[in-house]
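What follows is a short report on a single structure.
Every read-out reported here was derived from the displayed coordinates using simple, explicitly stated rules and does not represent laboratory data. Just so we're clear, the structure is a prediction, and the values are computed from it rather than from any experiment.
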Amino acid sequence: MVLLRQGPWIEDGQTPPGQECSNGSLILFAAVSWRAFFCTRMKLLTVKTVRFAQVVEKAGAPEVYTLWQKPAQDRHLQSLIKNHRLMTVQKSDSGAEFGFVGFKERKGASYLEFPKSLKRFENKRIIGIKWDLVKSS
């Protein structure tokens, strides 16, 4: 039988007190690391969602907003952001599209301009994007 242990070997098989990298400190490190990883994952899972059709029902049919200049110089865009009338739509890692209220400049993102405020949907993930509910200009 071979006993595997971590830390310095001494005659009686015990780790000296206060020794760094003892089994206890490694277990604590692993538990803290796992808790940090798990808690950040749980935050993603606890975000409330709302269906795109419900957003359209409450805020009206949106139009696609195209960026023609830098966002800081676009006065209309800044007005939309301030009045909570802009939604950013992007793809998740799995390829499904989702949206959120506000502006986040990202590669491949689309922006939707709504006729009414989206403030009630802030901090929610908007799922089930149906492009047939978007007005064509």
Checklist entry - Quick one: Cα centre-to-centre distance for region 69-92 and region 119-134, in angstrom? => result 15 Å
Item to check | Length-normalised contact order of region 49-133 in % [C-alpha pairs under 8 Å, at least 6 apart] | outcome: 43 percent
Next on the checklist: Using 26 Å as the Cα-Cα cut-off, could you pick out the over-long pairs in Lys70/Lys130; Lys104/Lys124; Lys48/Lys107?
Outcome noted: Lys70/Lys130
